[in-house]
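Accompanying notes for the structure given below.
Coordinate-derived values only; no laboratory data. Quick caveat, the model's predicted, so the values are computed rather than measured. As a convention, Cβ positions derive from the backbone with ideal geometry for all residues, glycine included, and neighbour counts pool all protein chains shown.
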Amino acid sequence: MIRARATEESCWSAPLAVSDVPESGRHIDLLADAQARAAVARLAGLRDLPRLTASFDVAPHGRGGLAVTGRVSATVGQTCVVTLEPVEKEVDEAIDLVFAPAESLPAVEHGEEVEVPHEDAPEAIIGRHIDLAAIATEFLILGIDPYPRKPDAVFDAPTVRDDSAHPFAALAALKKERGGKRGRR
């Protein structure tokens with residue numbers, strides 16, 4: 001297991017050079033240290049991040065490319081959108097990406113668009129390496145519930161019975177006062 005750490009450039013980094021992946025492939029497990037978890041929690045807008053791990057199988061793909069499969073798993077601390085109380089959720093996201101050297105990807109010149117089916121579009125390898133921790137962070141953020149709720153939390157919308165209490169009551173009164181006519185300039 002590689003203990004990935006926060007760096008000055010990123011919140012969590014575990015670079016892997018294309019040349020470090022043998023033909024038979026390579027398995028890599030990552031475990032984020034406390035500093036990296038705190039940095040990812042800030043980036044993701046989490047209350048805290050007590051656990052963050054990732055597991056990858058990386059294999060050569062095509063000419064100079066890589067196929068990356070794996071999982072990111074974490075315990076995320078959030079705030080319930082109903083009660084505003086702390087809530088912990090588990091995130092477990094599958095990862096399945098293909099990377100290709102940037103120079104082998106279709107060039108986009110002068111605002112031209114090149115259509116490539118989304119599921120077939122490889123990610124670019126920049127500088128002959130990929131960052132497994134950055135990939136794990138991206139998939140973690142995609143897996144976070146944007147509206148976390150405690151299991152028993154129920155939102156009861158307030159009932160408005162008085163017409164004068166609705167948000168546009170002042171505008172309705174002004175319109176009524178002017179006789180429903182638009183103002184002239």
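Tabulated results
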{"item": "Virtual spin-label span in nm between Lys175 and Asp20, 7 Å along Cα→Cβ", "result": "6.5 nm"}
{"item": "Integer Hz, Karplus 6.51/-1.76/1.60 couplings in order for segment 122-127, x for Gly and Pro", "result": "x, 7, 7, 8, 10, x"}
{"item": "Computed label-point distance, nm, for sites Arg47 and Lys150 using a 7 Å Cα→Cβ extension", "result": "0.9 nm"}
{"item": "Full-extension gain in nm, Ala34 to His61, via 0.36 nm per residue minus C-alpha separation", "result": "6.4 nm"}
{"item": "When segment 50-109 is reduced to its Cα atoms, the Kirkwood hydrodynamic radius in Å", "result": "14.4 Å"}
